[in-house]
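Peer 1: This is the structure I have questions about; it appears just below.
The values are calculated or read from the model by the stated rules, or taken from the named source; none is laboratory data. These numbers were taken from a predicted model, which means no experiment stands behind them. Reconstructed Cβ throughout: ideal geometry from the backbone, glycine too, with neighbour counts over all protein chains shown.
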Amino acid sequence: MTSEEFQAEVARLALAVAQRHGFALAGGHALIAYGVVDRPTEDVDLFTDQSGGVTAAADLVMSTLSRAGLHVEAVTDSADLGDVFDGFEHDLVECEVRRGDQTVRLQMVRFDRHHQPVMMQIGPVLHLDDVVATKVVALGTRAAPRDYIDTAAALARYSRNRLIELARQADSGRHCFSTWPRFAP
């Protein structure tokens, strides 16, 4: 099984039980599902817009993954998304999922969205506008190489102004897109 297949299996298993708590696939895997990018990714991001959704789904997801024969270990140094988006560290559960020599980091986060998820073969996936918005905000805050790759790929489908508009909606007063003058309307 390839790394991509392993990550997809983890995402499918997690979404099968977490979707009832509003979770949908996000991040790089969501962009891959939409055909926006074709790049390796090291984590699986699941976002819910339901208050309390992370707490309600976390144990259920981890026990489902364990019953599927995967080793699941909670991660306590979950700073990545908390550094990008204010408040994530308060409604975030992160774990490492392993089988043999394959490992993937699974992040479950509460995040407001503006559209309903789209049902795809893997399960519910954030609407493309919501995925792209989070990626552009990540570019403005985290600025990791993957954020540049993903935002550049999104420019094939969205204008620069539309990307900034989506990021401003997702950021809603917390970080760069609503307060930095260079991103003013």
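Peer 1: From the list 61, 72, 17, which residue is surrounded by fewer than 20 Cβ atoms within 10 Å (Cβ to Cβ), hydrophobic (A, V, I, L, M, F, W, C), outside any strand (DSSP E or B) and modelled with pLDDT of 95 or more?
Peer 2: That would be 17, the only listed residue that is surrounded by fewer than 20 Cβ atoms within 10 Å (Cβ to Cβ), hydrophobic (A, V, I, L, M, F, W, C), outside any strand (DSSP E or B) and modelled with pLDDT of 95 or more.
Peer 1: Restricting the search to the range 114-136, which residues are farther than 16 Å from residue 29 by Cβ, in contact with a helix residue (DSSP H, G or I) (Cβ under 7 Å, 6 or more places away or on another chain) and assigned to a loop (DSSP other than H, G, I, E, B)?
Peer 2: 114, 115
Peer 1: Which of the residues belonging to the range 99-128 are surrounded by 15 or more Cβ atoms within 10 Å (Cβ to Cβ), out of contact with any Asp or Glu (no Cβ under 7 Å at 6 or more places or on another chain) and of a type in the set (D, E, K, R)?
Peer 2: Within the range 99-128, just 99 meets the criteria.
Peer 1: What's the number of the only condition in (1) out of contact with any Leu (no Cβ under 7 Å at 6 or more places or on another chain); (2) modelled with pLDDT of 95 or more; (3) surrounded by 15 or more Cβ atoms within 10 Å (Cβ to Cβ) that residue 41 fails to meet?
Peer 2: The one condition residue 41 does not meet is (2).
Peer 1: If the Cβ limit is 9 Å and pairs must be 6+ apart or interchain, which residue in the range 23-47 that is touching a residue at least 24 places away in the same chain (Cβ under 8 Å) pairs with which residue that is part of a loop (DSSP other than H, G, I, E, B) and among the aromatic types (Phe, Trp, Tyr)?
Peer 2: Here the result reads 26/111; 46/23; 47/23; 47/111, each pair linking the range 23-47 to a residue that is part of a loop (DSSP other than H, G, I, E, B) and among the aromatic types (Phe, Trp, Tyr).
Peer 1: Of all residues in the range 168-178 being more than 18 Å from residue 126 (Cα to Cα) and assigned to a helix (DSSP H, G or I), which is modelled with the lowest pLDDT?
Peer 2: Out of the qualifying residues, it is 178.
Peer 1: Which pairs have Cβ atoms under 8 Å, sit 6 or more apart or on different chains, and link a residue in the range 142-160 that is under 16 Å from residue 41 (Cβ atoms) to one that is outside any helix (DSSP H, G or I) and of a type in the set (S, T, N, Q)?
Peer 2: Note: pairs meeting the criteria are 146/41.
Peer 1: Another question about this same structure. Search the range 137-167 for residues being in a helix (DSSP H, G or I) and among the charged types (D, E, K, R), and hand back the single one that is modelled with the lowest pLDDT.
Peer 2: The residue in question is 165.
Peer 1: Of the numbered conditions (1) modelled with pLDDT of 95 or more; (2) assigned to a loop (DSSP other than H, G, I, E, B); (3) under 16 Å from the mean Cα position of the chain (by Cα); (4) within 19 Å of residue 7 (Cβ to Cβ), residue 78 fails exactly one; give the number of that condition.
Peer 2: (1)
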